[in-house]
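Only the coordinates and a few stated rules stand behind these numbers; no lab work does. Source: prediction; values computed, not measured. Every residue, glycine as well, gets a Cβ built from its backbone with ideal geometry; the counts of neighbours run over all protein chains shown.
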Amino acid sequence: MTTRKHAASTRRKISLAQKGRKNSMYGRHQSGPARRRISAATRGRKNPMFGRSHSAETRQLISRIMRQKAALKRKSRGKPA
């Protein structure tokens, strides 16, 4: 059995329909008990990255992106890079 996939245009419409004030969680925060349940549900073996590690290539990519983000943040604050 194959799974039907939404067209790119449809995915865009769905995305836009859930942004900002139209999102049911807009302006809200998870309650303490909900946060604890989510935390417990992704600990240890239940975490998708459990027992794995990023490749050297992926670590370099993450590092480069984080440096770019930090530079943009400093620039927006008016501090020298």
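Taking 0.36 nm per residue of sequence separation and subtracting the Cα-Cα distance, how much length would be gained by fully extending the chain between SER63 and SER31, in nm to one decimal?
Length gained, SER63 through SER31: 8.3 nm.
Determine the gain in length on full extension of the stretch SER53-ALA7; use 0.36 nm per residue of separation and subtract their C-alpha separation, reporting nm with one decimal.
Going from the current span to full extension adds 13.2 nm.
Using all alpha carbons of the chain, what is the percent of pairwise distances in each 5 Å bin, ordered from the shortest bin to the longest?
Spelled out bin by bin, the chain gives 3, 10, 7, 8, 10, 22, 26, 11, 2, 1, 0, 0 percent.
Can you compute the charge dipole magnitude of the chain about its Cα centre, using +1 on each Lys and Arg Cβ and -1 on each Asp and Glu Cβ, nothing else charged? Give it in debye, rounded to the nearest 20.
280
Please work out the FRET efficiency for the pair ALA71 and LYS19, using the Cβ-Cβ distance as r and a Förster radius of 30 Å; give the result to the nearest 0.05.
Given R0 = 30 Å and the Cβ-Cβ separation, E is 0.65.
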